[in-house]
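Chemist: Structure in structure tokens, see below.
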Amino acid sequence: TMPDGDVAISVTKDAKTYEVKQAATTNGKLEISPATTAEGATVTVKVTPDAGYALKENGLKVTYTDADNKEQTVEVKAGTEANTYTFAMPAYPVNVSAEFVKEYKVTAATVDNGTVTVDPTAAVEGTEVTVTVKAADNYQLKADSLTYSYKSGEDTKTEKLTLTDGKATFKMPAADVTVDAKFEAIPAKTYGITSDVTNGAANLSVKTAAMGD
């Protein structure tokens, strides 16, 4: 109904929105929010691997087809919460895909006279694993005894590790791994004994001895 005066009419157009499509995944699932949004908006992807699996390194991909019918990749960043990732929505519909790979166990064997710890305790193939070794008082790591073993087909492979400042690293194979070590008592430090006798003789029971002998 026309009022008693001039009227101005304005229209605000909603921003164009684009769809976020999810590819089928195996060994895990994705939760994407929102499912449609405007250019520049932040999209969050929550990743939930199945038991015994993990997201492959750089395994979460976001792509779109541009105006020239060429596939482009959108940068994906780690989110503020665990197992979440974010990306900025382009002015095109996007496809989100993820590749999950099997995760293997890393076990430190029970040892005497020292400790061996591993980090992480489960990892996918190619992950760097850190081994930390600490000997008990008056003990030391036995030479060439720090190893990791795993099954390769029907065979068991054992690889030696070298310590640097109490730590060693290795790349995770596609198999469960056991890290082992052996410690030995530190030999007591010994000192030489000599005699210098004039007009007589001194017979020593030993030529070397440790402190307190």
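The values are calculated or read from the model by the stated rules, or taken from the named source; none is laboratory data. Because the structure is a prediction, the values reported are computed rather than measured. In this analysis, Cβ positions are derived from the backbone assuming ideal geometry, glycine residues included, and neighbour counts consider all displayed protein chains. Heavy atoms of the whole protein, side chains included, go into the accessibility calculation; ligands, DNA and RNA do not. Shrake-Rupley method; radii C 1.70, N 1.55, O 1.52, S 1.80 Å.
Chemist: Normalising by the residue count of the chain, find the relative contact order in percent from Cα pairs under 8 Å and 6+ residues apart.
Modeler: Values: 421 pairs, mean separation 33.9, N = 213.
With pairs under 8 Å counted, the relative contact order is 16 percent.
Chemist: Which FRET efficiency, nearest 0.05, do Asp6 and Asp50 yield, Cβ-Cβ r, R0 41 Å? Spell out each step's value before the answer.
Modeler: Details: r = 66 Å, r/R0 = 1.61.
Computed FRET efficiency for Asp6 and Asp50 comes out at 0.05.
Chemist: Kindly report the accessible area of the chain per residue (heavy atoms of protein chains, probe 1.4 Å, no ligands, DNA or RNA), in Å². Spell out each step's value before the answer.
Modeler: Details: 14990 Å² over 213 residues.
Per-residue accessible area for the chain comes out at 70 Å².
Chemist: Give the ranking of Asp213, Asp66 by solvent-accessible surface, highest area first, calculated with a 1.4 Å probe. Please list the in-between numbers first.
Modeler: Values: Asp213 145, Asp66 30 Å².
Putting Asp213, Asp66 in descending order of accessible area: Asp213, Asp66.
Chemist: In whole percent, how big is the carbon plus sulfur part of the accessible area of the chain, probe 1.4 Å, protein atoms only?
Modeler: Details: 6700 of 14990 Å².
Summing carbon and sulfur atoms, their accessible area is 45 percent of the total for the chain.
Chemist: What three numbers, in Å, describe the spread of the alpha carbons of the stretch 74-124 along their principal axes, ordered from the longest?
Modeler: Principal extents (largest minus smallest coordinate, Cα): 62, 22, 13 Å.
Chemist: Taking Cα pairs under 8 Å and at least six residues apart, what relative contact order does the stretch 86-175 come out at, in percent? Kindly include the intermediate steps, with their values, before the conclusion.
Modeler: Details: 124 pairs, mean separation 23.9, N = 90.
The normalised contact order for the stretch 86-175 reaches 27 percent.
Chemist: Work out the FRET efficiency for Thr84 and Lys16 from their Cβ-Cβ distance, taking R0 = 22 Å, and round it to the nearest 0.05.
Modeler: Numbers: r = 26 Å, r/R0 = 1.19.
The value I calculate is 0.25.
Chemist: Beyond 17 Å, what percent of the Cα pairs of the stretch 172-213 remain? Mind showing how you got there, number by number?
Modeler: Working: 540 of 861 pairs.
Counting every Cα pair in the stretch 172-213, those more than 17 Å apart make up 63 percent.
Chemist: Connecting C-alpha atoms closer than 10 Å in a GNM of the chain, tell me which of Ala174, Ala15, Ala109 has the biggest fluctuation.
Modeler: Ala15
Chemist: Further question on the same structure: Taking only Cα atoms and a 10 Å spring cutoff, compute GNM fluctuations for the chain and point out the largest among Thr42, Thr147, Thr190.
Modeler: Largest GNM mean-square fluctuation: Thr190.
Chemist: State to the nearest 20 debye the size of the charge dipole of the chain about its Cα centre, where the only charges are +1 on K and R beta carbons and -1 on D and E beta carbons. List each step's numbers first, then the result.
Modeler: Working: 21 positive and 30 negative charges, 117 e Å.
Around 560 debye, computed over the chain.
Chemist: Per 0.36 nm of contour for each residue apart, how much would the distance between Ala201 and Asp144 grow if the chain were fully extended, relative to their Cα-Cα spacing?
Modeler: Extra length from Ala201 to Asp144 when fully extended: 15.9 nm.
Chemist: For log10 I(q)/I(0) by the Debye sum over Cα atoms at q = 0.08, 0.13 Å⁻¹, the listed values are [x] -0.32, -0.85; [y] -0.56, -0.90; [z] -0.52, -0.89; which was obtained by calculation from the structure presented?
Modeler: After the calculation, the listed value that fits is [y].
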